[in-house]
Protein chains: 2
Amino acid sequence: MLRIAIDAMGGDFGPQPIMEGLISALRHNTTFTAIAVGDEKELKPLIPPYLIDRIEILHTTDVISMTDSATDALKRKESTIFKAIELVKEGKADAVVSAGHSGASMSLATLRIGRIKGVSRPAIATLMPTSENQNTLVLDVGANVDCDAKNLFEFAIMGQVYAQDVLQLDEPLVGLLSNGEEESKGNEITKEAFTMLSKIPNFAGNVEGSDVFKGTVDVVVCDGFIGNILLKTAEGVADTIGKIIKKDLKRSLISIAGAVLMRKVFKNLKVRVDYAEYGGAPLLGVKAPVIIAHGKSNNKAIQNAIYQAINAASSNLDSDIEERLKLYAIEK
Amino acid sequence: MLRIAIDAMGGDFGPQPIMEGLISALRHNTTFTAIAVGDEKELKPLIPPYLIDRIEILHTTDVISMTDSATDALKRKESTIFKAIELVKEGKADAVVSAGHSGASMSLATLRIGRIKGVSRPAIATLMPTSENQNTLVLDVGANVDCDAKNLFEFAIMGQVYAQDVLQLDEPLVGLLSNGEEESKGNEITKEAFTMLSKIPNFAGNVEGSDVFKGTVDVVVCDGFIGNILLKTAEGVADTIGKIIKKDLKRSLISIAGAVLMRKVFKNLKVRVDYAEYGGAPLLGVKAPVIIAHGKSNNKAIQNAIYQAINAASSNLDSDIEERLKLYAIEK
């Protein structure tokens, strides 16, 4: 039986949506138990009696807030995120989910749980929607701002293994994010990474920003600075288009018929564009599954993040990443 | 009377949309004449008799195709783009518009017309739509893949002067594209650029990808690699959302009412999201206005690109960029 540790207090909206998400996950999936880290007084009343055997509470009251620094988090050993990660380090949990301070989660996971052998830097991966009902895994989206070619190479390997082991894709295609598809395109670092990546199977070469949403490849690799800009740009455009449509609707004479229709369309659109629906973002390259959920996660997002943690913990992700990296370390 | 040189053959669809755009521009704006560079046999039949006095044809038949290399273009002195740029160099035209090979246009403009004093590298600027009926000028979007902090600093100055002189904005705000708003965010190069930019008036600090579409600032600065990814990502998301909405509409029971409504909404949306509507992208930092239009430009886009060329040529853009850069060169 898998055990999932969850930082029950770290999110922007307190323990309520997190515990609700956990409860839904436990109801729909009977293969795991949970350790909720947080204030017993607040958490206990949220647990229904029939789940009392499957949720253990690890009591602590210190919560790292979004305004605290990530380095500060390393010292606060009584915080919910510190204790949740420590559970994994000590083998008392198989994976951890946190909607708290993402910098703190990353630092703690990297330093306390440790990196997989051969990984220079862990990376955050996220799923982006496409029009074809499939998703594109993009990494890194924030952990590493300045990357060299070797980092990008490792991200590609980690992304490919995740796509195989957790997303269950056969022979996932990897693309390198660049300013054009041609091999001649790229900046100094991506050109060097292109040469390194040419050795691995299913490398599709350079891809463009639009390819992420076309689903041209299964995995897109970039540094964390660009990954963040890509994510925020996508959110910004989706948001702007939503606003334009709504404004136009208000102006329209047939807005009543339109409103009925649009409610349906928007609901559908939101499911595909809203990143919360995909749950959290896995931190790849550490020795156990760490899922970083958005601070504003609702219960649905937390539920999905927990499923991601379960899927990763049930796979051979970590040993497969190590093996795959070893393969290319020898070849180099 | 301003004279605008136009590469009449360089676009993906041949001379037809280019000449139609030129004709519309001439009909709506009587303050300029044009020199159309291309095959006289093809161009002459496209010119209506009442405009024969305002369009001069400079005959040549060689056209740089999209598959030719930019360096190749430097040698082909009989090509339409070479001759169009030479007209500006020789003072026979005040500005040039081309929908041809953009790399060739950039290289030729930089080498033949020359850089403004103080400019290390010219940059391509483009207008992005926001939900607030205003636009954000983003540069560089493709000319310079690897940039240092000084390049980014110069882009900020050039963008600010363009926003003042051509877009007619008072005290335009400049933001530096980064992975977060806080001053501590950024990669090595943007952090250095942040320090340099702190000296200039109306520097708004770091901005995120979503700010481009919110209209938080008037000018957003980034390197050409990231600028290209931002542009393509925006196009990709807009395209994907369009496809999702259309699919959902087909499924909908009230699709007839919806179709009527959506036709209107889409038309409006297209105007704001379609970059063709903004005409071309100015190449900033060369000694005369050079407008690079998309290869797939329709007549409307060409007409707008010509207006941009006229606005830039009627302003003090080039001398103002030189002066502003001189100001900070002394201070440094």
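The values are calculated or read from the model by the stated rules, or taken from the named source; none is laboratory data. Keep in mind the model is a prediction, meaning the values are calculated, not measured. So basically every Cβ, Gly included, is an ideal-geometry build from the backbone, and we count neighbours across all protein chains shown. Keep in mind that these areas ignore ligands, DNA and RNA; they rest on the heavy atoms of the full protein, side chains included. Shrake-Rupley method; radii C 1.70, N 1.55, O 1.52, S 1.80 Å.
Within the stretch A:70-91, track down each residue that is charged (D, E, K, R) and part of a loop (DSSP other than H, G, I, E, B). Listed by number, the residues that qualify are A:ARG76, A:LYS77, A:GLU78, A:GLU90.
Would you check which residues across the stretch B:69-96 are charged (D, E, K, R) and open to solvent by 40 Å² or more (accessible area, probe 1.4 Å) and list them? Write out each step before concluding.
Residues of the stretch B:69-96 that are charged (D, E, K, R), as a first pass: B:72, B:75-78, B:83, B:86, B:89-90, B:92, B:94.
Once the filter is applied, which keeps residues that are charged (D, E, K, R) and open to solvent by 40 Å² or more (accessible area, probe 1.4 Å), the stretch B:69-96 yields B:ASP72, B:LYS75, B:ARG76, B:LYS77, B:GLU78, B:LYS83, B:LYS89, B:GLU90, B:LYS92, B:ASP94.
Tallying residues that are touching a residue at least 60 places away in the same chain (Cβ under 8 Å) and either small (Gly, Ala, Ser) or more than 25 Å from B:LEU327 (Cα to Cα) (or both) within the stretch B:137-158 yields 6. If you go through the stretch B:210-240 one residue at a time, how many are aliphatic (A, V, I, L, M), under 19 Å from B:ALA163 (Cβ atoms) and facing chain A (nearest Cβ under 9 Å)? Qualifying residue count, the stretch B:210-240: 3.
Check the stretch A:112-127 and report whether any residue there is within 11 Å of another protein chain (Cβ to nearest Cβ), more than 15 Å from A:GLY159 (Cβ to Cβ) and surrounded by fewer than 24 Cβ atoms within 10 Å (Cβ to Cβ). Step through it out loud before you land on a result.
Within the stretch A:112-127, the first condition is being within 11 Å of another protein chain (Cβ to nearest Cβ), and the residues that meet it are none.
For the stretch A:112-127, residues within 11 Å of another protein chain (Cβ to nearest Cβ), more than 15 Å from A:GLY159 (Cβ to Cβ) and surrounded by fewer than 24 Cβ atoms within 10 Å (Cβ to Cβ): absent.
When residues of the stretch A:276-307 are filtered for being over 22 Å from A:LYS232 (Cβ atoms) and either among the hydrophobic types (A, V, I, L, M, F, W, C) or in contact with a strand residue (DSSP E or B) (Cβ under 9 Å, 6 or more places away or on another chain) (or both), how many remain? The qualifying residues number 8. Answer with yes or no whether A:PHE194 is more than 7 Å from every other protein chain (Cβ to nearest Cβ), touching an Asp or Glu at 6+ places or on another chain (Cβ under 9 Å) and modelled with pLDDT of 95 or more. It is true that A:PHE194 is more than 7 Å from every other protein chain (Cβ to nearest Cβ), touching an Asp or Glu at 6+ places or on another chain (Cβ under 9 Å) and modelled with pLDDT of 95 or more. Residue by residue through the stretch A:171-185, note down the ones that are within 8 Å of another protein chain (Cβ to nearest Cβ) and either more than 29 Å from B:LYS185 (Cα to Cα) or at pLDDT 95 or above (or both). The answer is A:LEU177, A:SER178.
Checking the stated criteria, A:ALA156 turns out to be closer than 23 Å to B:ASN179 by Cβ, surrounded by 20 or more Cβ atoms within 10 Å (Cβ to Cβ) and modelled with pLDDT of 95 or more.
Being within 23 Å of B:PHE213 (Cβ to Cβ) and either among the small types (Gly, Ala, Ser) or open to solvent by 10 Å² or more (accessible area, probe 1.4 Å) (or both) is the filter here, so list the residues in the stretch A:194-214 that pass it.
Hits for the stretch A:194-214 are A:GLU208, A:GLY209, A:SER210, A:LYS214.
Does A:THR30 meet the test of being free of Cβ contacts under 8 Å to residues at least 24 places away in the same chain, more than 30 Å from A:GLY224 (Cα to Cα), β-branched (Val, Ile, Thr) and assigned to a loop (DSSP other than H, G, I, E, B)? Against the criterion (free of Cβ contacts under 8 Å to residues at least 24 places away in the same chain, more than 30 Å from A:GLY224 (Cα to Cα), β-branched (Val, Ile, Thr) and assigned to a loop (DSSP other than H, G, I, E, B)), A:THR30 qualifies. Filtered by the rule that a residue be open to solvent by 20 Å² or more (accessible area, probe 1.4 Å) and of a type in the set (Asp, Glu), the stretch A:1-29 gives A:ASP12, A:GLU20.
Do we have any residue at all in the stretch B:257-279 that's within 24 Å of the chain's Cα centre (by Cα) and at pLDDT 70 or above? Within the stretch B:257-279, one or more residues are within 24 Å of the chain's Cα centre (by Cα) and at pLDDT 70 or above.
Of these, A:VAL166, A:VAL145, A:VAL207, A:VAL138, which one is closer than 20 Å to A:HIS294 by Cβ and at the interface with another protein chain (Cβ under 10 Å from one of its Cβ atoms)? Step through it out loud before you land on a result.
Numbers: A:VAL166 fails: at the interface with another protein chain (Cβ under 10 Å from one of its Cβ atoms); A:VAL207 fails: closer than 20 Å to A:HIS294 by Cβ; A:VAL138 fails: at the interface with another protein chain (Cβ under 10 Å from one of its Cβ atoms).
Going through A:VAL166, A:VAL145, A:VAL207, A:VAL138 in turn, just one is closer than 20 Å to A:HIS294 by Cβ and at the interface with another protein chain (Cβ under 10 Å from one of its Cβ atoms): A:VAL145.
Residues that are open to solvent by less than 50 Å² (accessible area, probe 1.4 Å) and either in contact with a Ser or Thr (Cβ under 9 Å, 6 or more places away or on another chain) or without any contact (Cβ under 8 Å) to a residue 24 or more places away in the chain (or both) within the stretch B:45-56 comprise B:ARG54, B:ILE55, listed in sequence order.
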